[in-house]
Structures are given as structure tokens and as C-alpha cells.
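What follows is one structure encoded as C-alpha cells, with my remarks underneath.
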Amino acid sequence: MNRRPAPPPARRLYEQAIALADEASQRSFLAEQCGDDVVLRERVERLLQARREQPNHLLHRAVASEGDDSGGKQTDLLNRLTHASTNPSVTSDTPTEIQDCGQFTPPSIPSYNLVRVIGEGGMGTVYLAEQLAPIRREVAVKVIKPGMDSEEVIARFRGERQALAMMDHTNIAKVFESGTTERGRPYFVMELVRGIPITDYCKQHDLNLRQRLELCVDLCMAVHHAHQRGVIHRDLKPTNVLVMNQDGKPVIKVIDFGVSKALRGDLGGRTLVTHGSQLIGTPLYMAPEQAKRTNYDVDTRVDVYSIGVVLYELLTDATPIDRETLKRIGVDQFYSLLVRREPDRPSQRVPGAGFHTKLLKRELDWIVMKAIDRDRDRRYPSASAFAADVQRYLDGEPVEACPPSWAYRFGKTARQYRIELSMLALLMVSLVVISGVSLWQMAAVDAARRESEQRERHAVELLQALKLQRALTTLQDGNLMRLHELATDLQSDPVSIDGVSRPPELTHLLMNVATRPTRGSFANASAVNGLAATRDGQRALSVDERGDVKLWDLNAPDAIGRLIGTHNEPAHAVAISPDGHTAVTGSKLGTICFWNLDDGTLIRRLPPLETGIETLRWSPDGRHVAAGARYSEVWVGDADGNEAFRIANDHRHESLLFSRDSTRLIAPTRKDICVYDMRSGKKIRSINTQPLKNVRTLCFAGKDDRWLIAGERFKESLIILDFKTGKLIGQVPLDTSYPRAICASGNGMWLRISFSDGQIQVIQLSPSDGGAAVTGRIFTKFLAHRPASDVRLPLASLPGETAFISGGQDGNIHRWHQHDVRSTEMRRRPDSVLATYLIPETGRVSHVHRTKQSPFTSRHVVFSPEIVDGVFAVASGNTISVVRAGDQQVIAEIKSPLAGHRDLAFSAEADTLVAGSATQVCVWKSNDRWGSHELVNQFEIQHDAPPRLCDGGQTLIVDDAAGRRILEIDIGSGRRTELANDVSVSFLCLDSGARRLGMIAENLLLVMDRRSAEVLIEKHQFHGVSRLQLSDDGTTLLEGRRDGRVYVWHLPTRQRLGLLYQPKNAVGMLHRWQIANQSRRMMLEFGSDYGGTDLLLIPGQIGP
Amino acid sequence: MSDITKILGRIDAGDDRATEELLPLVYDELRRLAAQRMRHERSDHTLQATALVHDAYVRLVGSRNESCWQSGTHFFAAAVQAMRRILIEHARRKASQKRGGGWSRIAIEDYEEQRVGELSAEQLLELDEALAKLEVEDALIAELVRLRLYAGLSVTEAAGVIGISRSVAYQHWDYALAWFAVELQGD
């Protein structure tokens, strides 16, 4: 299939030609390409003509007759294509209406021939132009209007030019270059978009619901791209969202970032002025907060709103408040109406396209209404979140826009698994049949029921396999939120296997990867907005959404917080004095309160600041308190609440810092980080934050706080600055944008970062270049709290390097220990260690050290593979010792007749022990926990795989290497039964009931039912497998490969679901693995290159 | 069920003989399903390739994940052949009936078969002949058309089976339509 011949020339030319805009250019293209080959040229022209003139022929109809959605869509698409190419008004129309100026005197720009005006904006004129060099192409050139080149417009224009240049997205009109005309007017050259407004396009091409939503997703993602670069469009409306046909598909182009304004109001060294009193944009699509004339506080959510309105219009053919009403009542009234009244839901409007069914209505209503919520805090936090929800709708998954009811969720889940559903439908049919038959048909009914039960079970198994598979894919993607969701789903929806209903054991492991055990959790009655810890780490103080101030004893897990007092309105900021006696808290409405923590009394309440308090800091010397008020100022006072000075700062104050010596106050501004002198209250320094533009989060790190860490609103990275010099010395990539809180460990080498989605990432910093630079890597990340949009997830460090606390919108305060929160952990086994066991009950790691006392003296010892019932065994020389795992005391010594031991294993009850040399196998039994023992039997058998005991120590499963078969030997009688033949086996495994037997033979993976001999999985020509493990619940098989990868198989449906673990770096050969407590944790042992052993733990720690 | 899974497994492992064994299995299943439908529904019912092939897939390969195109490729290749055989047999039978039967019957069938979106037996045979011609000229496009026509796959699904991108498949499909338009115009 890979050696595909070159396409016939006719097809090649045809496919190139259809990409061209019109018939004329197709013709010239063919003339040029075909040269003298008249036959070829005629052939292609005939094909193209047929395409134009025969939109509906036999093949079309044949395929269109299929009841297939996508097939129909395809035909539809082609019809539209054909329609488009025969309708010149569509393809050659310019984005905006043509202005035919009589006295057209275009500005002169070198290398461009300005052809005609194609659009006129508030501040510029757009020309259709021909670029002459270096390549010939048609472009759009935007030049500032004559007579309007005021300072303000040029400043705004420069803003646009640079903002656009930063963006590179197929759905955003590209900027090729920029410059100034001979008369000094700035211009820039943009991609010429031959499209029409999205609303017109959808109408003209009669797009169905899905296609419209897909365009909406594209639009969201394009806008999100811009947002990530700090650019808000602020004027999204159908005439700025054009759609054109490209390669037969509708492609959107967002044009005219003309009123866009970088979030940081400074680009190209100039202030980007958006005139305070001038309303920019079109009221119909504009968010209510944009209407406030002093719109300093406009963020990316205004674009989310506008897209919401566009989607509203795509669904209903009308805007929430329509044009007529706007004309009638005027702009001011319009906005007051918008803010006062909730608009009709789309489904309440007369549907424009008539594609609404009952369910669709509801979900799309939720999505649209969330996007156009008057309160931006209730909107989607970002355009990508909006897109994700629309996509979820398209994928048939539950949308986030509303808490879904059980019935809704069930309906959606069922739809996600189409095949399985058809089986469930079959089941329904057979049930109906059963209800209608008479008695004499009972036998038939019985058979039918059995069949339907089987079908149902099969459907359920398939569903489980799909869910597990999805969870594994999510695991590889690192999307913890989704993984948590899926694991919860799997846990709450157990499948009955072998008559027992329980979630697959693998779910435990997946859940442990998404979440982590805490070292104490405290439940608060409302969302925790702010947290501070005392210096000794004994107590924490929280402020919450109710405004309550509570003190928590961190050493008393599950304790109830002591209520100190309340703001009676949401509070977000809290700080504790260094001596731990006093605290200060700040409310959303700007009130600051000082509290006596010892007796829980209010010391002082200050008159509210202009805006809400976001951050409070107590200086390390205890003498000052700084309070950051949202987008207004920083208030600084003494420890008694007497004002010292104020700093005006039109920025968020999600963090403030004091220098370690308390002489400096550090605050982020819109363009940099400012350092103030605490004595004078004057700014003494500013620190450049390039490449970050919108610093929100700050933290000191490194030895003696020498590094200043800054995080941004939109970038997915942190920067590390040398605080003394202000020099950029490092950058740390994050997995998510907008770190909301950062705290550093005591030694300054670890950062813990929180995100709105409930995630915490732990970053390890390390100096490089002899201290001249710093690098950082994500050590681990996990879901700590319930995701909530656009809130800060407060963090506070506890003393030492490893502990910290976090608070969430779920009302929880968690205490974390860094050792517990790793997902996978690679350890090198110390040289002094001979063996490592995972304690089955707890998942903790226990090393067997080499000691002077026997039997751990030599390296040449053989250990049993795992701890069974609290014991393990070790063979050295002619002695086998049974060792108590807890204190590693030898409880029995067995004299073995074997010449050299290769394998050693206990039965599941730990009362039978098997040992093997290459040619012999011995079995011992003890009835008094190895107080005494006897040799039960001894067999001459040459084997390659480690033998296994089962059936209460009655049966031995072992391979017969010479006879190429697998034997089941009754230990008492010595009777041999053949389980499989013609195989050379290198590894054998059993599940806990010894029902299923897994084996690795040369290039063969085989799992069989031991009793029925039914083959469950048979994979020939399957290389590279070194270990197998069957889960005890019979759902999964783990396949360990030599290169360290671990795959998961689903036994009921007999398919390989996907990767559980893939080593990031080359690891040695996988020797052994151990799995604790119903697959809650795994340990993999690799033989590494240096000769030792590396241990890998997934996930880091299991619960108590 | 395990038969076909095994065969698909062997094909995956590069066993060419397994491909030959697959076709009769798929053919039998499709024919059985088709016959079932014909019995239950009106005798002139046009065979819905999509539904049939998907049903056969669920029945034969059901326990595997549908998105597992690795084996899907082989399955659909066999399904296309089988389905073509069934459809053409069906069409031939109908066509011959028409020629041999009474005139009143022709009238009814003609009326029935001219419903939008359905093909008469002759039309199907005509398409199949054209397809044979396309096969010689451009095997790739022919494969695409066959998957669409006989296995009832969408362009996207067919792209997955052939192993080309969706957008390329759409281009090819565009070409296929034009090619057929020219071909069916007659000379």
C-alpha cells in the first residue's frame, strides 16, 4: 500500500486546478501545464466542465442513497463546491463591499500595485493589491485613511501590526509585511481573504448543524490562538469572520484585528490608546462589560461573548437582541436591556435552520447561554474551553455548560458507543419477544434469554473495554482531569465479571495517577479562596467564599477549623504575622481586617479600598503589611493597620512579595515588575519581564531568595530572573497556562504551582552553567482539587523542603508531601540492597539489605518474586530460608537437595514452596507457618519458565522444555496432565484463582482458561514480551516488554487496549514486577546498563 | 467470531493465504444478512450497503474495536468484493427478470426504481462497468469509489481504510465524481 504509483497526469492536474478560484485561472493554469499535450488538456477541461455542469449524477445518487451521515455531508459539500464555482459572486466576491471611488488615487507603495478599494474601516482603507516582487500574488493592503493620521490612530495601528505579526494561524488572516507609504502613512500587507461573512455563508450553503458548530469550534480555536499571544479581538462579528472554500472545505478566516489591543497595553513602545469615551465595536455582538465606557477591565472573555452571539445567530438567524430593537431603542438603551434582561434561549427563538430536536435544544442552549452570560465569571473562561464544550457536544459527550442530570449523562454515554448500543437494542428486541410468547415456547425463550444475556454481557464488556481504552489514551496525553473523570466513571459503573460486580482493578492504578494521597485533608463549608500557614507549619489560616476566617490545626487531620471571624462577604486574601499572633484578611469588596489569632478577636477593620483585595503579605520583619487591590492599587501599612503609603497600579495583584530583608516590596505591573523601597514608598527599580508580558504570579526561589520567579496570564511558561541584576536566567515550560499561585520549598529548589483547573505541578529547579542559569522540569503533576473556572487555588509552603498545603473551590484544604505525589518514580537500587519488595498490603517499598548474617551475605542468592502472606524466601547454597518480611528475620531453614537454585516461589497461601534448578523441581509444605516442613515431592524436569504453584499448593504448573509442552502436575500423586504442547515457554503466570494461565513462548503470547482449555488470547509473531501479569479480577492482562513499555489487554474482549507506561529514557531489561493491593501500585525492576537495578514505581505512593 | 478474528490476526501477521480464507466468510455473512433483509422487507428493496457491511462487521469482528483499522482494512477489502458480488448478482437477476417478465411488471419496477437516491439494476451494472474501466486507468480512485459504493463507507472512513488523509480523499472523491460524470455522459 505504501508503494503507490504516481497519479495519472489528468488527475494530478484536475486536483490542482480545482484548488484555483475561478474558471479563468484554471484555464490558464492548464494551458501552462499541458503545453502541447492537447489531449490531456481537453481531458482535464472536460472533467472540470463535468464537475461544474453535472453536480448530480449516478454515482452521486448511489452514494447519497446510503443512510450514512458523513456520506450525505460529503455529497452536500460537493454540491456546494460545485455551486460555488459556478456562482462567481461567491468566489470572487471580496470580503467587504466594493467601493468604487471615482477619483481613486491610490497611495504609492513600492512592490505593490494597488488595484481598487475593497473595504473601509474606522481607521484605514483596505485595497486589493497585486504584489509584484518577490512573488506575484494578490493581497490586501491596509493603509491608514488620509486625514485621519492622528497620533492615536497610528498608535493603535502599530498595535495591530505587531499583534498580528505575532500570530500564525490558518484561521487568522496573515500579515505578510508592513511599512510606511511615501507620504508616511503606515500600511500593512495582509492575506487576501476571498470569503463571505460566516452567517451569510451558512445560509447560502445551507450548512447543517454539525457543520455550523464545526465552524464555531474553528473560530474559537483561532481566537484562542490570539488570546494566547495577548491579543483580544474586541470586535468579533460575522463581517470579521469570513468563510471561504479551500480544498472543498469551508475555512474560516478571522480578519481585522483593527481594534485589537494587547492585554499589556504597550506594544512597540507606544501606548495603545483605546479612546475612553469611544465605543469600539458593534453593539450587537459586544459584551456588556465593553459597553461601560471606562473599559479598562476588558479581558479575553469579551471575545468569548462575541463568539457566543455569532453562534446564537448561526443557530437562530438572529442576535439575542436583534437589529431592529437596537435601531429602535438606541445604543444606551440596548445595553441596559442587555444587562437587565436575560435573552431568550436559542430554542425559544423561531429556529432558523430547523435542525432542532428536543435534546439538541437543551444542550446547545446551555452552551450558548453560558458563552453569552452577562456575568463574565460565569462564561467559559477561555475560547478554547468554549471550543472544547462545543466539540464535546459534537462528539456526543456530555457538555460542561450545565451540571448534567443522570438521565442526560446516560443517554450521551450510550450514544458514544454506537456498536455496543446496537447490541443493547437487540437485547431490547428479544425482551419484547419474550414477553409475548406462550408457555409451550419456554424452551425457545430460555435459549433466547441466554442469548440475550450473553449479548448484554458482551455489550457491557465492550463498553468497559472502550472506557479503559479511553482512560489509557488520556493517561498518555497527560490530561489528568479527564483521566480522573474516566476513572470515576469506571469506578461508579462496575461490570459484573464472574458474577462479582466491581470496577476493573486497573482503575485503582489509573485513579492513583490522576490524584494523590494527602497527608491530611480538612473540609471547609465553602470554597477556600486564600490560605496562609504559620512559620512553624503547625497551623493554617483560611478565608473563604462566605468570608469566614478559620484557623486549622494541621497536625489534627479531619479536625474542624476554628472560626476566628467573618467578613460576611467573599474573602480572597490572608496573611499571618511572622510571630503567628496576628493575621490580616481582605475581602472582595476591599475591606481589610486585623485579627488576634490567640483569642480570636477582631483588632481593627479598615475602611474599604476602591476594589477587592486579592493578595496580602506580611513583611518578614513583621513590621509591614501590603495589600493588593484588583486593578487599582497596593496599600501598605504597619502591623497595626496604620497606612504608610499607597501605590497606584492598574493591574491584577495576584501576588506581591517582600524581599527577605523586608526593605523592598515587589509588585507586578502591566509591563514589568516594579520594586519599591519600603522606607520611602518610592519605586526604585523596574525589572523587564520579556518574554512574558502580563505577569500575574510571583515567588522567590533559590538560595537566599536570589531568584525571582514570574508566571504569566497567557504563556505556558515561567521565567526565572536574578533578583539582584534583573537578568533573565531561565525559563520553565509548564503544561498549562496561567499559574495562579506559586510557593517554593524551604531550600528554594522546588516550586509548587497551582492552576484553575485544580491541578498542581511540582517543578524541580537546578542551577546550571555554574549558577549563571537555572533550569526547571516538571517533577510531577496531579489533580488536587475540583476544577473551577478562573479562580486562584491558594498554596502555602510548610517548613522544610517537602510539605505544602493547598485550598480549593471544593472547600478542601489538603496537606501534601512531595514524596507522595509523584506519578512515576525512578529509583536506583542501592548497591547494598539485594532485593526489593513491594509490600502487597500498603504498596510501600521494602529493601533487603546485604548483612553479615546469613542468608543475605552473598550476591549469589535467589529470592522468591514477591511477599506472600508476610513471608518471602531466599536460596543460598544448599539452604533455602523462609524470611518474615516485617523484620526480615529467618523463620525457617530448609536443606535443599537441589544443585543450585534458579527459581523459588510460594503458593498463594504461603504454606507450600517450590524451588527449581535447571533440571529438577522440589516442593515443600508446612502446616505450622514454617515451624516445621517436609519435602512433599521432587520431580526430574528440565524447565525454562519459573514453575508456579496453585490449587492450595496441590498443583504444580511447569514447562517441560525437552518435550516442548506445559504440564500440570498433581504434587501428591505425581500425575502429569498436558495443558499445552508444541511450545517452548519462557514465562508463565496465573491469576489468583489459577483459572487463567498466561504464557510467553517464542514469539507467541497465549492466555488460556486452564479448566476449559479455551484460548483467550493468542498472538503469534509477537516479539519482545518479557513479563505478563493477569489481574486477579480477570479483566486485564499486563504485558511487559523488554524495552520497559507496559501494555494493557482486556480479557473479556480479548484486545490490547493500549499503553500503561512508556519509559521516557532507555531503561534496561524488565526483570520483574510487583503489583500491590488490587493493582493500586506497581513496581517495575529493570536491569540497568551499569549492572545494578533501577526501580520504577507507578504511581508514587498508595493510600494508607 | 473467533474464526474471523484469527484470520484477521493472521493477515496482520502477514499471512497471505488468510486473505483468501476471509472472503468466503465475509461473503457468506453478507449474503445471509442480505437475504434476511430481502425476506423481511419488500422484495424490491434496494440493498443498503452501509447497513449490511456494518452489520456484518459487528457480527464477524464485533468483539474488536471498530477503530482498529489495522484489521478493518482487510475486512473492508473483503467486504467490498463480497458486497459487489451480491449487488451485481442481485442486479443481474433483476435485469433478467425485467427482460423476461411481463410489461406491467416493468412499469411498476421502473416507477419504484426511479425514486431519488436509489439505483436500478441497470444503473448499478453501468456503474460497475465504468468502475472496471477506472480500475485500469487509476486503481487508487477505483478503490475509493468501491469502498464508497459497495461498502458504503464515508469519504473519511474510506480514507482510513486506504491510508490517505481525509483532505486528500476528498480531492480524490471530487475527481472520481467528475470522472464518472464524463464517463456516464457517453460519447
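The values are calculated or read from the model by the stated rules, or taken from the named source; none is laboratory data. Since the model is a prediction, treat every value here as computed from it, not as a measurement. Note: ideal-geometry Cβ built from the backbone for every residue, glycine included; neighbour counts use all protein chains shown. The protein model used for the area step is the full one, side chains on, heavy atoms only, and it has no ligands, DNA or RNA in it. Shrake-Rupley method; radii C 1.70, N 1.55, O 1.52, S 1.80 Å.
A:Ser587 passes all but one of (1) open to solvent by 10 Å² or more (accessible area, probe 1.4 Å); (2) in contact with a Cys (Cβ under 9 Å, 6 or more places away or on another chain); which number fails?
Of (1) open to solvent by 10 Å² or more (accessible area, probe 1.4 Å); (2) in contact with a Cys (Cβ under 9 Å, 6 or more places away or on another chain), only one is false for A:Ser587: (1).
So which pairs qualify, if the first residue must be in region A:805-824 and free of Cβ contacts under 8 Å to residues at least 24 places away in the same chain, the second must be among the aromatic types (Phe, Trp, Tyr) and surrounded by fewer than 21 Cβ atoms within 10 Å (Cβ to Cβ), the Cβ gap must be under 7 Å, and the two must be at least 6 apart or on different chains?
none
For region A:196-235, give me each residue that is modelled with pLDDT of 80 or more and small (Gly, Ala, Ser).
A:Ala222, A:Ala226
Could you please let me know if A:Asp991 is touching a Leu at 6+ places or on another chain (Cβ under 7 Å), open to solvent by less than 50 Å² (accessible area, probe 1.4 Å), of a type in the set (D, E, K, R) and under 22 Å from A:Phe863 (Cβ atoms)?
The answer is no for A:Asp991.
Name the residue that is nearest to A:Ala10 (Cα to Cα), counting only residues in region B:149-169 that are assigned to a helix (DSSP H, G or I) and open to solvent by 20 Å² or more (accessible area, probe 1.4 Å).
Out of the qualifying residues, it is B:Val168.
Please pick out the residue among A:Arg652, A:Arg604, A:Arg646, A:Arg660 that is under 24 Å from A:Lys588 (Cβ atoms), touching a Pro at 6+ places or on another chain (Cβ under 9 Å) and open to solvent by 10 Å² or more (accessible area, probe 1.4 Å).
Just one listed residue meets the conditions, A:Arg652.
So which residues in region B:130-187 are on the phi > 0 side of the Ramachandran plot and at the interface with chain A (Cβ under 7 Å from one of its Cβ atoms)?
If the condition is that a residue be on the phi > 0 side of the Ramachandran plot and at the interface with chain A (Cβ under 7 Å from one of its Cβ atoms), then B:Gly152, B:Gly163 are the ones that fit.
If you take just the strands (runs of 3 or more DSSP E) that sit entirely in region A:882-960, which of them hold at least 3 residues that are open to solvent by 50 Å² or more (accessible area, probe 1.4 Å) and more than 24 Å from A:Gly993 (Cα to Cα)?
A:889-895, A:934-940
Okay, residues lined up against (1) assigned to a loop (DSSP other than H, G, I, E, B); (2) aliphatic (A, V, I, L, M); (3) more than 17 Å from A:Thr824 (Cβ to Cβ):
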| position | (1), (2), (3) |
| --- | --- |
| A:Gly1044 | yes, no, no |
| A:Pro1052 | yes, no, yes |
| A:Ala1066 | yes, yes, no |
| A:Leu1070 | no, yes, no |
| A:Glu1085 | no, no, no |
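Please count how many residues of region B:132-148 are at pLDDT below 85 and open to solvent by less than 10 Å² (accessible area, probe 1.4 Å).
2
Scan region A:550-584 for residues that are charged (D, E, K, R) and surrounded by fewer than 16 Cβ atoms within 10 Å (Cβ to Cβ) and jot them down.
A:Asp553, A:Asp558, A:Arg562, A:Glu569, A:Asp579, listed by residue number.
Going by the structure shown, is A:Glu614 open to solvent by 10 Å² or more (accessible area, probe 1.4 Å) and part of a strand (DSSP E or B)?
yes
Could you check, for region A:500-508, whether at least one of its residues is modelled with pLDDT of 85 or more and either in contact with a strand residue (DSSP E or B) (Cβ under 7 Å, 6 or more places away or on another chain) or open to solvent by 40 Å² or more (accessible area, probe 1.4 Å) (or both)?
yes
Identify, by number, the condition in (1) under 18 Å from B:Ile88 (Cα atoms); (2) modelled with pLDDT of 85 or more that B:Leu119 doesn't meet.
Tallying (1) under 18 Å from B:Ile88 (Cα atoms); (2) modelled with pLDDT of 85 or more, B:Leu119 fails exactly one: (2).
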